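The values are calculated or read from the model by the stated rules, or taken from the named source; none is laboratory data. Bear in mind the structure is a predicted one, so any value in this text is a computation, not a measurement. All Cβ positions, even for glycine, are placed from backbone atoms using ideal geometry, and neighbour counts span all protein chains on display.
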Amino acid sequence: MTELPILLGLALSHKVMFGTALLGSMAGIVGSFAVLRGRSLVGDMLAHSALPGIGLAFLILGSRSMLGLSVGALASGLLAIGAVTVIARWTRTKEDAAIGIVLSTFFGAGVVLLSIVQKPGIAGNKAGLDSYLFGEPGNMLTGDLVILSGVGAAVLLVVALLFKEFKLVCFDIDFAQSQGWPTLMLDLLMMASLAVVTIVGLPIVGVILMAAMIILPAATARFWTNRLHLMLLLAAGFGLAAGPLGTYFGKGLPAGASIVLAGASFFVISVLLAPQRGVLAQVLAEYQLRKRMTREHLLRSLYELSESNLPELTKLSLKSVRDYRHWVSLEKLLEQEVEKGTILRDAEHVQLTPLGLRRASELTKAHRLWEMYLVQFANIAPDHVDRDADAIEHLLPEALLLELEQKLADEGRLPYLVAEVPLSPHDLGSGTQDSQR
Amino acid sequence: MQFFSDIVNPSAGTWIVLTGAATNVACAMVGCFLVLRRMSMMGDALSHAVLPGLVVAFLLSGSISIVPLFLGAAAVGLLTTFLTQTLHQYARVPSDASMGVVFTSMFAFGVVLVKKYVAGLHFDIACVYEGSLELVPFAEPIAGLPRPLFTTLLVLLANLVLLIFLWKELKLSSFDANLATTMGFSATALHYLLMTMVAVTTVASFEAVGSILVVAMLIVPAATAHLLCDRLSIMLALSAAVGIAASVLGYWAAIYWDTNIAGMMTVAVGMLYGLAVMFSPRYGICSTLVSNLQMSLRVFREDLLAMLYRVEELDASKPLTAAEARKALGSGWQSRWAMANLFRAGHIDRRGDQLQLTDRGRDDARRLVRSHRLWETYLVEHLGMPLDHVHEPAHRIEHFIDEKMLQELDAELKRKGQDPHGREIPE
Amino acid sequence: MSANTSTTAFEIHDMTVAYHRRPVLWDIDFTIPEGKLVGIVGPNGAGKTTLIKATLGLVPLASGKVEIYGKSYHEQRHLVGYVPQRESVDWDFPVTVRDVVLMGTYGRLGWFRRPGRAERKIADRCLEQVEMTALANRQIRQLSGGQQQRVFLARALAQDAQVYFLDEPFSGVDAATEAAIVKLLQTLRASGKTVLIVHHDIQTVRDYFDYVVLLNMRLIACGPVDTTFTNENLQKTYGGRLTILDEAAEAMRQREPNR
């Protein structure tokens, strides 16, 4: 172990940084599975439920050996998980209540045990509630780092070996079960790795920070990708970065809290700015969709009102347009189209320009193709059709498009500019009223 | 005598128990709705998230008096609820993750605020976590009551008023939020109101029992009551009772073993929950096991009776031996028990190794076989099931057909004499 | 069905509903006269439940509007009754059958007022109408599927609305309950109420309903069953190929034209 002298020579602050970074990345990885399985708060529960185990271990062993306390904490945590499972499965109590019950009663028992431990007369270092809550990152020993690295390597190994199995269980546990995978075992293994990472991290960073590190990097990573292996990498990355950044910017502040706040900042930035799932991106997309939809409604309506007179461009009365369907802000819409050069208007009339006619007939054709497609393939269409007026022609294979177009033409509904066959007058159903003044 | 002198001049212990009990009851009242709405973890979340609100209120008002504290709590309650909802609805973060993100961040923020602006003063975080019921009797008195008790009673009153005025609205929105909204009772507004009350209740309880134990008091008595009854009003009353019981028991145990009082109250309430899980007359694990066992034994007894009847029908001169019967039923303690039970009840006689039905036993057996054969007839005639498929379902269902259903079957099948296999249907 | 005697109970104008950029309902526009039993029919994923939820304001509209007796839904809330799908309920909730039915009267009471004797009488009357009086004090978990459905119907009756929306009331229900529900609906119609029902079984549409709304993300057709529930419209709703069963049923029906 030639690294050992190097490790021993590391300054404490470097050790702390290394340790918190390592812990953060491990938490990001196991946390990803927890978040995907809807178990974000189990990390919180584990962290709190470990307390009685720690207290008992201390009472029995009488000294603050990290190994002993960790074993106690792990036992207590696993017992808690077992209790939640039993309650949720065999009683009327629902899972969220079960987690809350176990979390608080175990913690209460832990507080009781600590109060015994802290009495004068009990030998050994007093494990104060403070250090349990907030950890003692400042006391990071080289030994602690070694243990952390060991656990980290083990977790990585498990995840790498069982990646596809974990992935399956996360996304469709029933399917996994039906395929014969031992889903219960896999689930327990996931929970166990969560427990181990949480327990190992507790003495270093404390309860609240541990609970946060399980959730924050994973939830942050989720905004940037839909692929599991990328999510794991990103979560590890965010967890890794939160440590050093937090301690650096939070000089003079409690280390644990600053690390959480660093993680939270990543989260907030991701919520707002992530390209597809971020809030701003979504708001923008909704706005654009709505705008496009109303624009299409207008052009299509104008086309349908003018259809019977084509190829002549009809001068339509504004009233007929207004009555054709339900509008929210017709005036504004008309202004926008005038600017785009698709319509001409005066105080009482509206008319498509040649450019407008071209655009409107393309839109109408796409819309009618889509309707025809739904008619033919109604049972499966809702899953396949992402209604994007211009894209329908890109979604469907050429042969199918031609077939649908032909059907439209047979019905006499293929829009003018696109048809090679002359139109015959037909009934548009509701609305072709006053198309000429 | 101690009791009466206690009323006039309460001892320290009485104050502590009263405070614990008041806290428990105040928490139980809003906690019941948290449990029923499956928002138990919001209790945990809120109890952590209020920390920055408290600090800000303290900084702004310069004191730790009640009003600014409650205002700070209410503000944080609203903010936390808003952030959690928004993250869940608009950013599509799963609801538990959004709770977790919001409350851990807010708590961390609170810790930073404490360290920077109020270090050393009243706000010792561990204290907030753990509470200090022991110090209650020595707190400054307001209106003759220790301060924590006073604030808790105030909140208890507020929660009570809330429940009285909005009982049906809370009940409806917890049961069927969509219907509530369509009736004009905005489920969202009620949700925010409830969460705000939880936040305020949490803060009032901090001084006494600390933040984690508040979570216990919010949820555990409510969950216990849920296991014991089927009406919402009873559930609320029971949860208050469980809370009070836990306070008293916890206090005694803590005094006896000289440990942390609030922690002991939590352990006590956890044990009460455990007892309910095991022994609740309707929903407990033990009662479920017992009734399953009873059912299974009944099936064994009846199977034995019916088997003896059929053997008799075929050839009365060759009765079944005990060993053969046990083998047919599947040897195990249950068949042994069934046989012994039938002897005792006077349904069968034992002559040497052979089993005979008594008159009483024959009557019961006849009824069973009648059910079985009527059901087989029904299956074949009305549902068109093939002959070789009807025995199994009839065998299973024969234990559960009551007299009324037998008569209906009879009328339906118009008094048939024979089952589809050609055997006689007994009267 | 003469045009001049029918008042319009329910009208949708150009409704479009979109979830996350994907339109679920597109340009829905139809009118329902009062006093009709209306079946809303379409394949899975057609948006039938969404239509109801959008009408009741439970889901936002991308465009369009809804009118009940000529006014907006929000003004006419008290005239509307709603029976949701059974799966959406927590059956462990500590309420009895009577409690659930009583909830139907809450809307009329408004904020803060408690249900009193009058409301309890109404609830009991509604329980009688669905033949559930014997089970009034049972906790709801202990009911069978058909009984649960009856409880929700009784609750809707207690709402004493003018226009009712029922979401798949017949799914998973025994034959006796189904017959009872149909009888109840006919009683409602006789008192001039309008009932819109999301229905999954096209075999029974002709037997149960006066009007039918054929839906598949957009409106295929809406009108009296006789003229609207045609093979052609069904093909447009369900796709070019009906299943074998449907074709056989259709063939049988054509042999019995006076059914």
Looking at (1) closer than 22 Å to residue B:93 by Cβ; (2) charged (D, E, K, R); (3) touching a residue at least 24 places away in the same chain (Cβ under 8 Å); (4) more than 9 Å from every other protein chain (Cβ to nearest Cβ), which one does residue A:227 not meet, given that it meets all the others? (3)
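Pick out, from the stretch B:305-411, the helices (runs of 4 or more DSSP H) lying fully within it that include 1 or more residues that are in contact (Cβ under 8 Å) with a residue 60 or more places away in the chain and β-branched (Val, Ile, Thr). Talk me through it step by step, then tell me what you get.
On the way: elements: B:322-329, B:333-344, B:359-383, B:391-397.
Of the helices (runs of 4 or more DSSP H) lying wholly inside the stretch B:305-411, those with at least 1 residues that are in contact (Cβ under 8 Å) with a residue 60 or more places away in the chain and β-branched (Val, Ile, Thr) span B:359-383.
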Looking only at the stretch C:145-175, count how many residues are farther than 30 Å from residue B:283 by Cα, in a helix (DSSP H, G or I) and under 17 Å from the mean Cα position of the chain (by Cα). 4
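For residues in the stretch A:39-92 being among the β-branched types (Val, Ile, Thr) and out of contact with any Phe, Trp or Tyr (no Cβ under 8 Å at 6 or more places or on another chain), which is nearest to residue A:171 (Cα to Cα)? If you could, list the steps in order and put the result at the bottom.
Filtering the stretch A:39-92 down to residues among the β-branched types (Val, Ile, Thr) leaves A:42, A:54, A:60, A:71, A:81, A:84-87, A:91.
Next, from what is left, pick out any that are out of contact with any Phe, Trp or Tyr (no Cβ under 8 Å at 6 or more places or on another chain): A:42, A:60, A:71, A:81, A:84-87.
Numbers: A:42: 18, A:60: 43, A:71: 32, A:81: 21, A:84: 22, A:85: 20, A:86: 23, A:87: 24 Å.
The qualifying residue nearest to residue A:171 (Cα to Cα) is A:42.
Is it the case, given these coordinates, that residue C:41 is touching a Ser or Thr at 6+ places or on another chain (Cβ under 8 Å) and at pLDDT 85 or above?
Values: touching a Ser or Thr at 6+ places or on another chain (Cβ under 8 Å): yes; at pLDDT 85 or above: yes.
The answer is yes for residue C:41.
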Of the conditions (1) under 30 Å from residue B:188 (Cβ atoms); (2) in a helix (DSSP H, G or I), residue B:91 clears all except one; give me its number. (2)
The stretch C:46-87, subset at the interface with another protein chain (Cβ under 9 Å from one of its Cβ atoms) and without any contact (Cβ under 8 Å) to a residue 12 or more places away in the chain, residue farthest from residue C:218 (Cα to Cα): C:58
Taking the options B:258, B:230, name whichever one is in contact with a strand residue (DSSP E or B) (Cβ under 6 Å, 6 or more places away or on another chain) and in the same structural domain as residue B:55 (by TED's automatic domain parsing). B:230
Considering only the stretch A:247-261, state which residues are polar (S, T, N, Q) and more than 14 Å from residue A:18 (Cα to Cα). A:258
Could you go through the stretch B:330-340 and let me know if any residue there is loosely packed, with under 14 Cβ neighbours inside 10 Å, of a type in the set (Phe, Trp, Tyr) and outside the structural domain of residue B:311 (by TED's automatic domain parsing). no
Out of the stretch A:214-259, which residues are in a helix (DSSP H, G or I), β-branched (Val, Ile, Thr) and under 18 Å from residue B:87 (Cα atoms)? A:214, A:215, A:220
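Looking for something touching a helix residue (DSSP H, G or I) at 6+ places or on another chain (Cβ under 7 Å), crowded, with 16+ Cβ neighbours inside 10 Å and modelled with pLDDT under 85 - is there at least one such residue anywhere in the stretch A:149-160? Steps first, please.
Restricting attention to the stretch A:149-160, the residues satisfying the condition of being touching a helix residue (DSSP H, G or I) at 6+ places or on another chain (Cβ under 7 Å) are A:149, A:151-152, A:155, A:158-159.
This time we only want the ones that are crowded, with 16+ Cβ neighbours inside 10 Å, so: A:151-152, A:155, A:158-159.
Remaining after also requiring modelled with pLDDT under 85: none.
No, the stretch A:149-160 contains no residue that is touching a helix residue (DSSP H, G or I) at 6+ places or on another chain (Cβ under 7 Å), crowded, with 16+ Cβ neighbours inside 10 Å and modelled with pLDDT under 85.
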Out of the stretch C:12-32, which residues are more than 11 Å from every other protein chain (Cβ to nearest Cβ) and free of Cβ contacts under 8 Å to residues at least 60 places away in the same chain? C:17
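When you scan the stretch B:144-241 for helices (runs of 4 or more DSSP H) that lie fully inside it, which ones turn up with 2 or more residues that are in contact with a helix residue (DSSP H, G or I) (Cβ under 6 Å, 6 or more places away or on another chain) and of a type in the set (Ser, Thr, Tyr)? If you could, list the steps in order and put the result at the bottom.
Numbers: elements: B:147-175, B:177-182, B:187-209, B:211-226.
Passing ranges, in order: B:147-175, B:187-209, B:211-226.
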How many of the residues making up the stretch C:103-144 are among the hydroxyl-bearing types (Ser, Thr, Tyr), in a helix (DSSP H, G or I) and within 13 Å of chain B (Cβ to nearest Cβ)? 1
Please find, within the stretch B:275-288, the residue that is farthest from residue B:245 (Cα to Cα) out of those that are part of a helix (DSSP H, G or I) and either facing chain A (nearest Cβ under 9 Å) or among the hydrophobic types (A, V, I, L, M, F, W, C) (or both). B:288
Of those in the stretch C:201-227 that are more than 14 Å from chain A (Cβ to nearest Cβ) and either buried (at least 16 other Cβ atoms within 10 Å of the Cβ) or among the small types (Gly, Ala, Ser) (or both), the residue nearest to residue C:12 (Cα to Cα) is C:213
For residue C:179, are the conditions met, namely being small (Gly, Ala, Ser), farther than 20 Å from residue C:153 by Cα and modelled with pLDDT of 85 or more? no
The residue from B:322, B:306 that alone is at negative phi, buried (at least 18 other Cβ atoms within 10 Å of the Cβ) and touching a Leu at 6+ places or on another chain (Cβ under 8 Å) is B:306
Can you go through A:204, A:208 and tell me which one is modelled with pLDDT under 90, within 19 Å of residue A:16 (Cβ to Cβ) and in contact with an Asp or Glu (Cβ under 7 Å, 6 or more places away or on another chain)? A:204
Sort out which residues of the stretch A:275-297 are at the interface with another protein chain (Cβ under 9 Å from one of its Cβ atoms) and within 19 Å of residue B:84 (Cα to Cα), and write them in order of number. A:277, A:278, A:279, A:282, A:283
Could you tell me whether residue B:121 is away from every other protein chain (no Cβ under 14 Å) and at pLDDT 90 or above? no
Just give me the residues in the stretch A:39-74 being at pLDDT 85 or above and part of a loop (DSSP other than H, G, I, E, B), in sequence order. A:39
(1) modelled with pLDDT of 85 or more; (2) over 22 Å from residue C:188 (Cα atoms); (3) surrounded by fewer than 22 Cβ atoms within 10 Å (Cβ to Cβ) all hold for residue C:94 apart from (3)
Determine, yes or no, whether residue A:255 is closer than 26 Å to residue A:32 by Cα, modelled with pLDDT of 85 or more and among the small types (Gly, Ala, Ser). no
Checked the stretch B:146-174 for anything without any contact (Cβ under 8 Å) to a residue 24 or more places away in the chain and surrounded by fewer than 19 Cβ atoms within 10 Å (Cβ to Cβ); matches are B:157, B:161, B:164, B:165, B:167
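Looking at B:199, B:180, can you tell me which residue is aliphatic (A, V, I, L, M) and within 14 Å of chain C (Cβ to nearest Cβ)? Show your work before the answer.
On the way: B:199 fails: within 14 Å of chain C (Cβ to nearest Cβ).
Just one listed residue meets the conditions, B:180.
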